[in-house]
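Working notes, structure below.
The values are calculated or read from the model by the stated rules, or taken from the named source; none is laboratory data. It should be emphasised that the depicted structure is a prediction, and the values quoted were computed from it without experimental measurement. In this analysis, Cβ positions are derived from the backbone assuming ideal geometry, glycine residues included, and neighbour counts consider all displayed protein chains. SASA here: full protein model, heavy atoms, side chains in, ligands and nucleic acids out. Shrake-Rupley method; radii C 1.70, N 1.55, O 1.52, S 1.80 Å.
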Amino acid sequence: MAAKVVFSILQENHAGPIGDDWRYWVEAKVFNQGLKAKGKIEIKKHSLPSGTTQQPPGPPAPLELPAGECGQKVQVKLTLEATEVDLFRNDVGITDLDTYLNCPAPGEEPLVHDGEISVGVIESPGLTGETSIFTLKFRLVLSCD
């Protein structure tokens, strides 16, 4: 039987002084005895003032990714690149997060995992040392067909 992962972004948040205009992308890679699938969600430039938590614009459609055979341990690697958009030079932060899930057997309920991924973005040039933290709340749903 084939397993699948559905990856969705639930909320976005920005805390810090470096700006209000943001864009980002998140790549999800699914491993189950090797790489099974990858996909990317991209969010275009939009306003996200400091201290604001909101649903991403759109909202973006979830990614549905094959996850290999049921009953195996599945690894989902998320890579987040967040960019605070400036007039002359954008400020960028990038990070990775690995999540390991036990795949349900055929006929079992899907496994739902909610998590967060955060990245620090430092103002350029680095003279001021100001940093903002960009955070996404996400959901992974692992199921066996």
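Here is a list: Glu64, Glu108. Which entry is closer than 20 Å to Asp145 by Cα, of a type in the set (Asp, Glu) and under 19 Å from the mean Cα position of the chain (by Cα)?
When all the criteria are applied, what remains is Glu64.
Quick one: Thr53 ticks every box in (1) under 24 Å from Ser143 (Cβ atoms); (2) among the β-branched types (Val, Ile, Thr); (3) loosely packed, with under 14 Cβ neighbours inside 10 Å bar one, so which box is it?
Result: Thr53 passes all but (1).
On the basis of being part of a strand (DSSP E or B), surrounded by fewer than 17 Cβ atoms within 10 Å (Cβ to Cβ) and small (Gly, Ala, Ser), does Gly120 make the cut? Let's see the steps before the verdict.
On the way: part of a strand (DSSP E or B): yes; surrounded by fewer than 17 Cβ atoms within 10 Å (Cβ to Cβ): yes; small (Gly, Ala, Ser): yes.
When the stated conditions are applied, Gly120 passes them.
Quick one: is Val112 under 15 Å from Phe7 (Cβ atoms), open to solvent by 60 Å² or more (accessible area, probe 1.4 Å) and of a type in the set (Val, Ile, Thr)?
Working: under 15 Å from Phe7 (Cβ atoms): yes; open to solvent by 60 Å² or more (accessible area, probe 1.4 Å): yes; of a type in the set (Val, Ile, Thr): yes.
So Val112 passes the test.
For region 90-142, enumerate the residues that are of a type in the set (Ser, Thr, Tyr) and modelled with pLDDT under 95. Steps first, please.
Of the residues in region 90-142, the ones of a type in the set (Ser, Thr, Tyr) are 95, 99-100, 118, 124, 128, 131-132, 135.
Ser124, Thr128, Thr131, Ser132, listed by residue number.
Kindly indicate whether any position in region 62-76 is β-branched (Val, Ile, Thr), in a strand (DSSP E or B) and open to solvent by 60 Å² or more (accessible area, probe 1.4 Å). Spell out the reasoning first.
Here is the first cut: in region 62-76, the residues β-branched (Val, Ile, Thr) are 74, 76.
Subset that is in a strand (DSSP E or B): 74, 76.
Those left that are additionally open to solvent by 60 Å² or more (accessible area, probe 1.4 Å): none.
No.
Can you name the residue in region 85-109 that is aliphatic (A, V, I, L, M) and more than 30 Å from Asn32 (Cβ to Cβ) and, of all such residues, is least open to solvent (accessible area, probe 1.4 Å)? Working first, answer last.
The initial filter retains those residues of region 85-109 that are aliphatic (A, V, I, L, M), namely 85, 87, 92, 94, 97, 101, 105.
Imposing the further condition that a residue be more than 30 Å from Asn32 (Cβ to Cβ) reduces the set to 85, 87, 92.
Details: Val85: 26, Leu87: 150, Val92: 81 Å².
The qualifying residue least open to solvent (accessible area, probe 1.4 Å) is Val85.
Only residues that are open to solvent by less than 40 Å² (accessible area, probe 1.4 Å), touching a Ser or Thr at 6+ places or on another chain (Cβ under 8 Å) and of a type in the set (Ser, Thr, Tyr): list them for region 1-50, please.
Across region 1-50, the qualifying residue is only Tyr24.
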